[in-house]
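Data block below; observations after.
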Amino acid sequence: MSPLCPSVSHVQTAAPAVSLPQVALLATGGTIAGVAASPLEQIDYAAGVLGVERMLESLPGIEGVARIVRRQCANLPSENCTPEHWALLAQGCALALQDPETCGAVLTHGTDTLEESAFYLYLTLPPEKPVVLTGAMRPATSLSADGPINIRDAVAVAASPAACGRGALLVMNGRILSARTAIKIATVDVEAFAAPESGGLGRAINGQALFFADCGGPAPLAGAYAALAGRADLPRVDVLYACAGMATDLVRHSAAHAQGLVLAGMGNGSMPSAVRDLLREAAGQGLTVVRASRTGAGPVTPLPGYAPFIPSGMLSPAKARVLLMLSLAATAHLPPAHRQAAAAAAFAQGGRL
């Protein structure tokens, strides 16, 4: 992945299209750029094969939606994405949005870690110009590939003035979701993302972005960590999955090596007593611990028996990790108690409905 995504080209359009909005399309790989051995194969395929030029070949008429400036930023399966990639994506988006003619950006991305990259960009990019992430659940060679229509819808949303100020967005299967609340809910279905508690922001219908309501004020925490955009060396934060009979040696290892820890707890962020005791001891020595939930829906709320752990609110364990990494990076110069307080304040904002 190039740090500045320098390969730039334009879709050739007829003269009247000059009045259309200009949207940057940044490609990073994933299923949307995947290739299978047969058009009937939808599950066994190689992700991140086709380049942005080939993907646009499947979108005849896209020049009627917007003028497209395209960049190939990477081509990899998203399970191989790292925080270093997040930093490069932020740099690429920021560079694209510096063009005064560009009203928004679309980022194609694999779906396995899409919610993490999307939330990172939500937290680190100013919300004035929309950044819209999209992907696909079926490879580009599939008989019923969903990638092309997802790109068309994402471009329409990025070109819409109503998308401004909302922070990074996620558009798939006609749904417009906030990158703060969207989570992956399915393994192979095209209806793969949802915001179970807060709901969607709108729909993309026939190339038109239809938002259900106005912004209603600033998007919580959108762009709050803009000073860290492009920084690759974020603090290590581990995620541990709580389960019956959970091994405590995993907890000890993370407590000794990580700067923060997110526990994907049972129910309302609960955990075995032995794990709670170990984490409470680690928190007393400066480790910031966040309680999330493995359930997939509902808030994690404060509980007296789990002080001083931070409840994640509505954030999934994956999202909680992203926010904690950025919070710890922003407060690295502060003593542990102040870092803890700053993280708690961030989660009170970022984890609310």
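The values are calculated or read from the model by the stated rules, or taken from the named source; none is laboratory data. Remember, it's a predicted structure, so these values are computed and weren't measured experimentally. FYI the Cβ positions are ideal-geometry reconstructions off the backbone, even for glycines, and counts take in every protein chain you see. When the accessible area is computed, the model is the full protein with side chains, heavy atoms only, and any ligands, DNA or RNA have been set aside. Shrake-Rupley method; radii C 1.70, N 1.55, O 1.52, S 1.80 Å.
For segment 112-162, what are the residues that are hydroxyl-bearing (Ser, Thr, Tyr) and touching a strand residue (DSSP E or B) at 6+ places or on another chain (Cβ under 6 Å)? Show your work before the answer.
Applying the first criterion (hydroxyl-bearing (Ser, Thr, Tyr)) to segment 112-162 yields 113, 117, 120, 122, 124, 134, 141-142, 144, 160.
Once the filter is applied, which keeps residues that are hydroxyl-bearing (Ser, Thr, Tyr) and touching a strand residue (DSSP E or B) at 6+ places or on another chain (Cβ under 6 Å), segment 112-162 yields 134, 141, 160.
Across segment 295-329, which residue is farthest from residue 194 (Cα to Cα) among those that are among the β-branched types (Val, Ile, Thr) and open to solvent by 10 Å² or more (accessible area, probe 1.4 Å)? In this case the residue turns out to be 301. Does residue 222 fit the bill of being in a loop (DSSP other than H, G, I, E, B) and either more than 30 Å from residue 283 (Cβ to Cβ) or outside the structural domain of residue 112 (by the TED database) (or both)? For residue 222, the condition - in a loop (DSSP other than H, G, I, E, B) and either more than 30 Å from residue 283 (Cβ to Cβ) or outside the structural domain of residue 112 (by the TED database) (or both) - is met.
From the list 262, 251, 239, 190, the lone residue that is among the β-branched types (Val, Ile, Thr) and assigned by the TED database to the domain that holds residue 87 is 190. Within segment 190-216, restricting attention to residues that are open to solvent by 80 Å² or more (accessible area, probe 1.4 Å) and charged (D, E, K, R), which residue is nearest to residue 351 (Cα to Cα)? Among those that are open to solvent by 80 Å² or more (accessible area, probe 1.4 Å) and charged (D, E, K, R), it is 197. Residue pairs whose Cβ atoms lie under 6 Å apart, sitting 6 or more positions apart in sequence or on different chains, and linking a residue in segment 111-133 that is without any contact (Cβ under 8 Å) to a residue 12 or more places away in the chain to a partner that is open to solvent by 10 Å² or more (accessible area, probe 1.4 Å) and not aromatic (Phe, Trp, Tyr), do not occur here. Apart from one condition, residue 110 fits all of (1) open to solvent by 10 Å² or more (accessible area, probe 1.4 Å); (2) assigned to a loop (DSSP other than H, G, I, E, B); (3) touching a Gly at 6+ places or on another chain (Cβ under 8 Å); the exception is (1). Candidates 238, 233: the one that is in contact with a strand residue (DSSP E or B) (Cβ under 6 Å, 6 or more places away or on another chain), more than 19 Å from residue 168 (Cβ to Cβ) and among the charged types (D, E, K, R) is 238. For segment 291-304, the criterion of being in contact with a strand residue (DSSP E or B) (Cβ under 7 Å, 6 or more places away or on another chain), of a type in the set (Lys, Arg) and outside the structural domain of residue 181 (by the TED database) is met by at least one residue.
For segment 5-16, the condition of being in contact with a strand residue (DSSP E or B) (Cβ under 9 Å, 6 or more places away or on another chain) and at pLDDT 90 or above holds for none of the residues. Restricting the first residue to segment 44-59 and requiring it to be aromatic (Phe, Trp, Tyr), which pairs with a second residue that is open to solvent by 60 Å² or more (accessible area, probe 1.4 Å) meet a Cβ separation below 8 Å and a spacing of at least six or different chains? Short answer, once both residue conditions are applied: 45/37.
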